[in-house]
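The values are calculated or read from the model by the stated rules, or taken from the named source; none is laboratory data. Worth saying up front: this structure is predicted, and the values here are computed from it rather than measured. Ideal geometry is used to build each Cβ from the backbone, glycine not excepted, and the neighbour counts take in all protein chains shown. Accessible surface areas use protein heavy atoms only, side chains included; no ligands, DNA or RNA. Shrake-Rupley method; radii C 1.70, N 1.55, O 1.52, S 1.80 Å.
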Amino acid sequence: MPAWGEKTRGLTAGLGALLLGLLPLAAGAQTSDLVSTHALRVCMDPANLPMSSKDGTGYENKLAELVADKLGLPVQYTWYPMATGFIRNTLKAKKCDLVIGYAQGHELVLNTNHYMTSTYVLIVPADGDLAGVADLGDPALKGKRLGIIAGSPPATHMARNGLIGKAKAYALVVDRRYESPALNMLDDLDKGEIDAAVLWGPIGGPLVKQSHPDLTVIPLLGDGLPPKMFYRITMGVRQGEKVWQRKLNSLIRRNQDEINAILSEAGVPLVNDMGDAMLDLGQ
């Protein structure tokens, strides 16, 4: 799932003391004293693999480490489940300065420029009769049972194509310390209880790469009809902290290749900004 509102995941960053020193005093006055200069303070879910984990194995942990390294700071985490109240109890409570993984345009945070664009994916057995499917309008899906996260954008496309009647729904909002709809969906696919799984790519792609070698991931690049299936993912900071936002924007721009490498290695499907083609990583 993309990072919706209070459920979403987080990244971090900043630029450097040199750039900050070059900013005019008027701009400097916008810098909040709340942003730590001693550590990169990141709000993160402790049990949200493949994105984040308290043991540091999530790809968002690795992104946080990259940003901290570029800033010359240690990472300091505030752990809180990505559920209702996440932003209110972390970023707005001034316990941290950055959330890694927030959908572009959400009003709860001040978004940085996006550091990735990804899409929903269809996951099917690699050697099955659905391996050649390209989108949810493919006739090969007729009569098949698909797993879908309830209320997620692909559900509308599935309904449009007559695929909802037999679909199996999985919960949208859960506490990942106790429940994992994506893992349950992929387990059901392995067992043959569903024929295909529809998941947010930054969740489904890495999970398949890590633990499901007999499955294949098909990016759903869209048919032009709403709702869109791709989303630009940013980092989130507190509203009003424009100087901090600009530092992060510069850091993202200068280190985009390294960010892409971390995401690609994790198995995240990266698409172009229009969501209609896979990103060319020059590999």
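Counting only lysines at least 8 places from K144 when in the same chain, those with an alpha carbon closer than 25 Å to its own are K166, K168, K191, K209, K228. Taking all protein chains as they are arranged and a probe of 1.4 Å, the heavy atoms of T37 leave approximately 110 Å² accessible to solvent.
In the chain, the longest principal axis of the Cα atoms and the axis of helix 59-71 are about 20 degrees apart. Rounded to the nearest 20 debye, the dipole size of segment 59-160 about its Cα centre is 400 debye, using +1 on the Cβ of Lys and Arg and -1 on the Cβ of Asp and Glu. Computed across the chain, the Kirkwood hydrodynamic radius from all distinct Cα-Cα pairs reaches 19.3 Å. The charge dipole of segment 157-282, taken about the Cα centre with unit charges on the Cβ atoms of Lys, Arg (+1) and Asp, Glu (-1), comes to about 720 debye, rounded to the nearest 20. Three principal axis extents describe the C-alpha atoms of segment 90-230; from largest down they are 50, 34, 24 Å. Surface exposure of the chain, expressed per residue as accessible area with a 1.4 Å probe, stands at 44 Å². Normalising the Debye intensity of segment 41-121 to I(0), with uniform scatterers on Cα atoms only, and taking log10 at q = 0.12, 0.16, 0.21, 0.22 Å⁻¹ returns -0.33, -0.61, -1.08, -1.18. Placing unit charges on the Cβ atoms of the charged side chains and taking the dipole of the chain about its Cα centre, the candidate lying farthest along the positive direction among V109, I203, L66 is V109. Expressed as an acute angle from 0 to 90° and rounded to the nearest 10, what is the orientation of the C-alpha long axis of helix 201-211 relative to the principal long axis of the chain? So the inclination is approximately 70 degrees.
Can you say what percent of the DSSP beta bridges in the chain, counting only those with both residues inside, are antiparallel? Round to 5.
65 percent
How large, in percent, is the carbon and sulfur part of the accessible surface of segment 115-261 at a probe radius of 1.4 Å? About 50 percent, which is the carbon plus sulfur part of the accessible surface. Which lysines have a Cα less than 28 Å from the Cα of K94, not counting those fewer than 8 places away in the same chain? Within the straight-line limit of under 28 Å, K94 reaches these lysines: K7, K54, K62, K70, K242, K247. With K and R counted +1 and D and E -1, the other residues having a Cβ less than 15 Å from that of F230 yield a net charge of -2.
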